[in-house]
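Participant: Pasting a structure here, questions to come.
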């Protein structure tokens, strides 16, 4: 019998979409009023008019580097807003903890139960109330340890805060406490299991695991399965909390119920067709840290159909790489957004990829485009002029038939030889 965390997971998709779009205007209004940064970003936006995905797609995307820039500017100005104006809450009872990601980017943790929304993902991975979970995510600086602990508590589980390192002590704790499962990176659990084997210690209680923070390839999933451990992935970030999670169907990742996810062409805010690889952009309904169209920098794609477990939310393929493909060419940085700017000038072009070849200090830049245009030579000449206008660099143009470019989300491909 398939179990679900709550009735939200099996809602009619139309009912879910209606609920999300009804909540969206209020969240935009709240972000504008309570977050100084979004007060500026959304200053010309009427929240009441944003009631559809099409309207949402017209709003600007805020990417992590912009968040970092605003935080640095705020810290430099000594205005006391360490979050760059993005947080809707301040220090005190409503913000029990502050975390730091590389940059540094500081993230607030609100006081709401299951603030990071991890309980749903843990339930899908097989964890149940009154179980002990061995949590080996870090508890210092980054929020991963707290994210998982708060989700486990919301689920009704007890947590052993194992953290990282001290492998022999981790094995000892697992042997003596007999946890039902593990939460952490897959690589560290493999280290623990290998160490236990080396020590001659059996860990029969550890039957399940939820992984994050690293890739979890099928080969590693099978390695754990051979040792009696069913491992599942979750997709979460320090800015947004849970975004999607794996189920026993093992067919992609199901989106969390409290986020609005778009897949956009890298370097732009333009949504791509379902199935096409692009950047994951998330709007969260979290009132404490109301990020609107936040670009994660991760690549993924929407899977068609619904999960065989009965969960009806949209599924994505999981992590497929990084969207920030900025590349230095002949001493100049070229961004995916610049490629998008070039293509927007030519409606007959359907897709494009900038390929950089050659050896170091001898870069060759070619813009490969897909088009059904009947006059390709004239089009190529015009696009060549646009390349120089936008990037200040000369580049060749290669005309391809529609469907020729790989569906991997790459806008800029660095194929240079660095030998």
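Participant: List residues of segment 112-126, by number, whose backbone nitrogen lies under 19 Å from a label position 7 Å along Cα→C-beta of residue 258.
Facilitator: What the label zone holds, given the 19 Å backbone N cut-off, is 112-125.
Participant: Next up: Quick one: in segment 151-204, what % of C-alpha pairs are over 12 Å apart?
Facilitator: For segment 151-204, the fraction of Cα-Cα distances above 12 Å is 65 percent.
Participant: Modelled label-to-label distance, residue 414 and residue 249, 7 Å Cα→beta-carbon offset: nm?
Facilitator: Taking the two extended label points, one gets 3.8 nm.
Participant: Can you give the extra length, in nm with one decimal, that the chain gains between residue 322 and residue 400 once fully stretched, where that is 0.36 nm per residue apart less the Cα-Cα distance?
Facilitator: Details: separation 78, 0.36 × 78 = 28.08 nm, distance 2.49 nm.
Value of the extension gain: 25.6 nm.
Participant: A follow-up question, please. Report, in whole Å, the centroid distance computed from the Cα atoms of segment 171-213 and segment 1-40.
Facilitator: 36
Participant: What is the extension gain from residue 93 to residue 51, computed as 0.36 nm multiplied by their sequence separation minus the C-alpha to C-alpha distance, in nm to one decimal?
Facilitator: Numbers: separation 42, 0.36 × 42 = 15.12 nm, distance 3.30 nm.
Length gained between residue 93 and residue 51: 11.8 nm.
Participant: If I take R0 = 51 Å and measure r between the Cβ atoms of residue 215 and residue 385 in this structure, what FRET efficiency does the formula 1/(1 + (r/R0)^6) give, to the nearest 0.05? Can you show the working numbers first?
Facilitator: On the way: r = 41 Å, r/R0 = 0.81.
The formula returns an efficiency of 0.80 here.
Participant: Using a Gaussian network model of the chain with C-alpha springs under 10 Å, which one of 375, 305, 92 is most mobile by mean-square fluctuation?
Facilitator: Highest fluctuation of the listed residues: 375.
Participant: Related question: Using a 10 Å cut-off on Cβ atoms, rank the peptides 135-145, 341-351, 153-163 from the highest mean neighbour count down.
Facilitator: Working: 135-145: 20.4, 341-351: 16.4, 153-163: 18.0.
Order by mean packing, descending: 135-145, 153-163, 341-351.
Participant: When 285, 367, 393 are ordered from fewest to most other Cβ atoms inside 10 Å of their Cβ, what list results?
Facilitator: Numbers: 285 18, 367 24, 393 15.
Final ranking by Cβ density, sparse to dense: 393, 285, 367.
Participant: Also: Calculate the length of the line joining the C-alpha centroid of segment 329-387 to that of segment 259-288, in whole Å.
Facilitator: 24
Participant: Sticking with this one: Given the DSSP H assignment, sum -39500 (n - 2.57) over each helix run of at least 4 residues in the chain and divide by its residue total; what's the result at 222 nm in deg cm²/dmol, nearest 500?
Facilitator: Values: 11 runs with 123 residues, N = 419.
So the calculated ellipticity at 222 nm is -9000 deg cm²/dmol.
Participant: Relative to the present Cα-Cα distance, how much length would full extension add between residue 359 and residue 75 at 0.36 nm per residue of separation?
Facilitator: Working: separation 284, 0.36 × 284 = 102.24 nm, distance 4.14 nm.
Extra length available between residue 359 and residue 75 comes to 98.1 nm.
Taken together, the values in this text are just the output of simple stated rules run on the coordinates, not laboratory data. Keep in mind that what you see is a predicted model, and the values were worked out from it rather than measured. In this analysis, Cβ positions are derived from the backbone assuming ideal geometry, glycine residues included, and neighbour counts consider all displayed protein chains.
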